[in-house]
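Heads up: the structure comes next, in structure tokens.
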Amino acid sequence: MFLHVNDLTVDFATEDGVVHAVDELSFEVERGSTLGVVGESGSGKSVTSLAVLGLHDPRTSTISGSVLFEGKELLGAPRTAMERLRGDRIAMIFQDPLTSLSPYHTVGAQIAEVYRRHRGTSRSAAWERAIQMLDRVGIPQPKARAEDYPHQFSGGMRQRATIAMALVCDPGLLIADEPTTALDVTVQAQILDLLRELQEQSGTAIILITHDLGVVATAAHDVLVMYAGRAVERGTVREVLHEPRHPYTWGLLGSMPTLRRPVTEELRPVRGAPPSLLNVPKGCPFHPRCDFVELPGPRVCTGERPELSPPRGHGDACYLTMKQKREVAP
Amino acid sequence: MLRFAVRRTIATAITLVTISAVTFFLFFALPSDPALLACGKVCPPELLALVRRNLGLDQPVMAQFVAWLAGIFAGRDYPGLGYCPAPCLGYSFVNRAPVFETIMDRLPVTLSLTIGAAVIFLTFGVATGILAALRQGRPLDKVASVASLVGASVQIYFVGTLALYFLVYQGKLLPSPSYVPLTENPLGWATGLLLPWVVLAIIFTANYTRMTRSTMVENLSEDYVRTARAKGMPARTVILRFALRGTLIPIVTIFGVDLGTLIGGAIITETTFGLQGIGRLSVRAVTYSDLPTLMATVLVAAGAIVVMNAVVDALYAVIDPRVRLT
């Protein structure tokens, strides 16, 4: 397996107590495939990706579990080893391309320095490579635009530039954290197309973090639904979006407007708000917001925490039986 | 860039003329009579009238100001004293010398004091600020913040006097502070000014430490700094090339103001260490109602501030490409 995250737990010590941002999360990503990670804000999506890259401050966070990448354990790896890995074998792009690019350096320089850092080439070779990458991500007149600063780029162009920067060393894994959220809808589609196109060319695996199920439906192969720092459902896009099993996934799908649904039909948002990670509900973390909490029997959902089952393939963490689910599913 | 230079030069000229005019006219609102002071202890009325005419004090104030202004560009003839060549800032009857000569004599002292101290406080202030930001909440950070507070609170005449007493008179570790021109004896220049530099720097370092620390802490959590780490840049590069860059703007801003102010004369430091710089000259000029000297020191101080401000604005554009000079 290419990337194997096992029982990843991330806690942050704060003044108010310990925040359990990610709790015993396990998932896998195969070479050349895209895993969509969905969930509301605060469900631990971004914390997970930063943990894979080793970007959490060790002074404020406690991380346990295992992150195996190309057979090597990344958790607890030496700082310099992680620095060499980041940007080379694992790259990341962030939500807001304006703030995630340095305003003080030209776009070309920011791309070139990654190549130079990891490949040790000459300045001019790295600069040539940067221009080539800008061309690959579809920036017109790449030679001239490489000399520009990020504020001289449009939003979509900036995200293209960050993608060029992330892919300059042909990484095996790209983590894209809400890469289209800050962009116009028309630009969103272009960026997703671009990512898919580049993936087909280079075979890069992608972890696509998003709260937008539409993005998952168009761009991902597999899906991981997260809630309160845990995985509540996992499967292929077809399985999870067409035969969703977990009440939270039902809620997510029900709160998404689609063109196929008649306009007279109301959206069904998930009631309540995500729990505080300082104080995650006992048992199934979703039970305070779940409509079917009485169905499995008294005190089942509030007792032990449900595990993802079955352990492989399409699985979910819920005490409802398949029969019950079929009966109550929307 | 050219437009910026032209605009700022014109603005500088207007500012300086305005400040000169205000100083000039305010001076004549004072009750003291410069002619009487210049005349000497025994002053018969005929002599007083002569002095008055020689100084141009019999002219209307406006005409005197114009004559003073014209003297800067064209030089000026003083009856009974001779010709004062351009740039003539007037003739001081207190110092019995053309003011320009006195200024040129004192300016190197003040500049040496300022530049030496500035190098120390900028280097130490920024360095400790960065370290404190990187070690937030840990012992080094706490020591730095307490030291900053103490440094910012102490007074030069207090620290300076203590340092003089213990390091120079008692300990004999340092020579007595004095000014030797750099061109004459570089080593003597440095050792003579070392104590004033350090003492002056103590006061200023604190400011830079606090400013650097707080801006650095902010910048370290910027998205682009996270990006730099995410692309595998080594920690040193992340700090120096990315996080520090955004910290430079506020540092350059206060540095410009501090440098401008200090060139105008570090009065207390110069007095504490007996250095004959612009600061002490200005105090003396006020005490003796020496208008030409006073005008010149005001002009130096104002000029330094105005020029430093223009330099700072130009540097903004160098540091941050989003800044356009107009």
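Read-outs: derived from the displayed coordinates by stated rules, not from any lab. Since the model is a prediction, treat every value here as computed from it, not as a measurement. Methodologically, a virtual Cβ is constructed for each residue, glycine included, from the backbone with ideal geometry; neighbour enumeration extends over all protein chains shown.
A compact table of results
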read-out: Cα-based shape type of the range B:1-115, given that a ≥ b ≥ c are square roots of the gyration tensor eigenvalues and the cut on a/c is 1.5; value: prolate
read-out: Folded to 0 to 90 degrees: helix B:99-134 orientation relative to chain B principal axis, Cα; value: 10 degrees
read-out: Rounded to whole Å, sorted largest first: equivalent-ellipsoid semi-axes of the range A:1-84, Cα gyration tensor; value: 21, 17, 10
read-out: Lysine-lysine proximity count for the protein assembly as shown, Cα under 30 Å, sequence distance 8 or more or distinct chains; value: 8
read-out: Length-normalised contact order of chain B in % [C-alpha pairs under 8 Å, at least 6 apart]; value: 22 percent
read-out: Antiparallel bridges, percent of DSSP beta bridges restricted to the protein assembly as shown (to nearest 5); value: 65 percent
read-out: Dimensionless Rg over Rh [the range A:1-48; C-alpha; Kirkwood]; value: 1.05
read-out: Formal net charge of residues neighbouring A:Gln199 (Cβ-Cβ distance under 14 Å; K, R +1; D, E -1); value: -3
read-out: Estimated [θ] at 222 nm from DSSP helical runs (n ≥ 4, -39500 (n - 2.57)) normalised by residues in chain A, nearest 500; value: -9500 deg cm²/dmol
read-out: Local electrostatic count, B:Arg106, Cβ distance below 14 Å [Lys/Arg +1, Asp/Glu -1]; value: -2
read-out: Most mobile of B:Gly192, B:Gly277, B:Gly265 in a GNM of chain B (Cα contacts under 10 Å); value: B:Gly192
read-out: Relative contact order %, the range B:32-88, counting alpha carbon pairs below 8 Å whose residues are six or more apart; value: 22 percent
read-out: Under the Debye formula (equal points on every Cα, no solvent term), log10 I(q)/I(0) of the range B:181-260 at q = 0.11, 0.18, 0.23, 0.27 Å⁻¹; value: -0.47, -0.81, -1.00, -1.16
read-out: Globularity ratio of the range A:266-321, using Cα Rg and 2.2 N^0.38 Å; value: 1.22
read-out: Loop-located trypsin sites (Lys or Arg not before Pro) in the range A:22-122, at most 11 other Cβ atoms within 10 Å (DSSP); value: A:Arg59
read-out: Computed helical MRE - 222 nm, chain B, DSSP H runs ≥ 4 contributing -39500 (n - 2.57), nearest 500; value: -23500 deg cm²/dmol
read-out: Cα point-scatterer Debye curve for the range A:99-168, base-10 log of I(q)/I(0) at q = 0.18 Å⁻¹; value: -0.55
read-out: Directionally averaged projected area (convex hull, Cα atoms, the range A:216-276), nm²; value: 4.8 nm²
read-out: Stokes-Einstein D for chain A, Kirkwood Rh over Cα pairs, 4 °C, 1.567 mPa s (µm²/s); value: 62 µm²/s
read-out: Range in chain B, longest, excluding exposed trypsin sites (Lys or Arg not before Pro) [loop by DSSP; at most 13 other beta-carbon atoms within 10 Å]; value: B:173-321
read-out: On Cα atoms only, tilt of B:278-287 relative to the major axis of chain B in degrees; value: 40 degrees
read-out: The protein assembly as shown pair-distance distribution - Cα-Cα, 20 Å bins, rounded %; value: 15, 34, 25, 17, 8, 1, 0
read-out: Between helix B:139-153 and chain B: long-axis angle, C-alpha atoms, 0 to 90°, nearest 10; value: 10 degrees
read-out: Antiparallel bridges, percent of DSSP beta bridges restricted to chain A (to nearest 5); value: 60 percent
read-out: 5 Å-binned pair-distance histogram of the range B:226-326 (Cα, whole percent); value: 2, 12, 15, 14, 13, 11, 9, 8, 6, 4, 3, 2, 1, 0
read-out: The range A:1-53-the range A:143-200 distance, computed between alpha-carbon centres (Å); value: 23 Å
read-out: Separation in nanometres of the label points that stand 7 Å from Cα toward Cβ, at A:Met256 and A:Glu243; value: 1.8 nm
read-out: Length-normalised contact order for chain A - Cα pairs under 8 Å, 6+ apart - percent; value: 20 percent
read-out: Cα-based convex hull volume of the range B:79-185 per residue, rounded to whole Å³; value: 187 Å³
read-out: Tail weight of P(r) past 26 Å, computed on alpha-carbon pairs of the range A:1-158, percent; value: 40 percent
read-out: Estimated Rh, the range B:32-88: Kirkwood, alpha-carbon pairs, angstrom; value: 12.1 Å
read-out: Listed residues A:Thr34, A:Thr218, A:Thr210, most fluctuating in chain A (Gaussian network, C-alpha, under 10 Å); value: A:Thr218
read-out: Between the range B:40-94 and the range B:283-326, the alpha-carbon center distance in angstrom; value: 27 Å
read-out: Spin-label model distance (nm) - A:Ser202 vs A:Ala329, 7 Å beyond Cα toward Cβ; value: 3.8 nm
read-out: Average projection area in nm² (convex hull over Cα atoms of the range B:105-319, one quarter of hull surface); value: 14.1 nm²
read-out: Förster radius 60 Å - calculated FRET efficiency between B:Val6 and A:Thr218 (Cβ-Cβ, nearest 0.05); value: 0.60
